[in-house]
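Comments concern the structure below.
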Amino acid sequence: MADVNWMPGSLFDNIDKFANSLGYQNSAIAIELAMMSWKSPDERDAFITSITGEDPKGGTEKNYIKQNF
Amino acid sequence: MGGQGSGGAHGGSQYNPANVSGTGGAGQSGNYTGFAYGQNSALNNSRIEGNAAVASVNAATPSTPVEPYQGINMPQLGTLFDKTTRPDEPITAGVDGNTPGPGSEVLPQGLMNNTRIDENAKIAAQYLPDLAMAAKSPDAPDSFKNFVNYLIQNSQSVVQNG
């Protein structure tokens, strides 16, 4: 059973995306941003792209096996 | 012609019914009258003391000078495109690397403190247990595990370095 903690848009997914997109040296900022209430993973990814100029880095959704809960 | 709140035209009665002195009949002088015997002088004394206290507070409050830098000979600020005022100094002075002029050792020390390392260490100490637990999940991506490993190494180096 897939871990609900790794649903796209979950806190840990956000941390993964922000930390790997902004760089580990900015981990404090990455975690703070990950805690924000993002409307959707797409909105979060759009924000990352807007501030880094690159696609979001980090684990992809293939790491998470979607299931109906 | 009297202004608003003054007496009526040609010295007549007042038009404004709200224009009544709170201190009684001696409102112009500020002295209290009309209170019970002995209270008028007490109120007047407290009024005088209060006014003196306010005056002392106002005197102690520094007032903003009209020209704060008056008397200080400041050079006029130029623009980026003005000629340099330090022709003997290379424009790359203060930059490390293979550039003309001295390196960053000539820059003022302590003006900019890099607090990012402290912030990272603080937030790592706060959230690392939870992050480490999440990293143990079989669904955790490798990128997240790498990040947690970085935080662990960073926190250990901070502890070792004090």
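Sorting B:Tyr150, B:Tyr37, B:Tyr127 from the fewest to the most surrounding beta carbons within 10 angstrom yields B:Tyr37, B:Tyr150, B:Tyr127. Among B:Arg47, B:Arg86, a tally of other beta-carbon atoms within 10 Å of each Cβ gives an order, fewest to most, of B:Arg86, B:Arg47.
Would you please classify the overall shape of the stretch A:4-63 from the alpha carbon gyration tensor, given that a ≥ b ≥ c denote the square roots of the eigenvalues, rounded means a/c under 1.5, and beyond that prolate means a/b larger than b/c while oblate covers the rest? Judged from the Cα gyration tensor, the stretch A:4-63 comes out rounded (a/c under 1.5).
For the peptide B:119-130, the mean number of other protein chain Cβ atoms found within 10 angstrom of a residue's Cβ is 3.
Sorting A:Lys57, B:Lys83 by the number of Cβ atoms found within 10 Å of their own Cβ, with the fewest placed first, yields B:Lys83, A:Lys57.
Only the coordinates and a few stated rules stand behind these numbers; no lab work does. Treat the numbers as computed from the prediction; the structure is a model and nothing was measured. Using ideal geometry, Cβ is built from the backbone for each residue, glycine included, and neighbour counts are taken over all protein chains shown.
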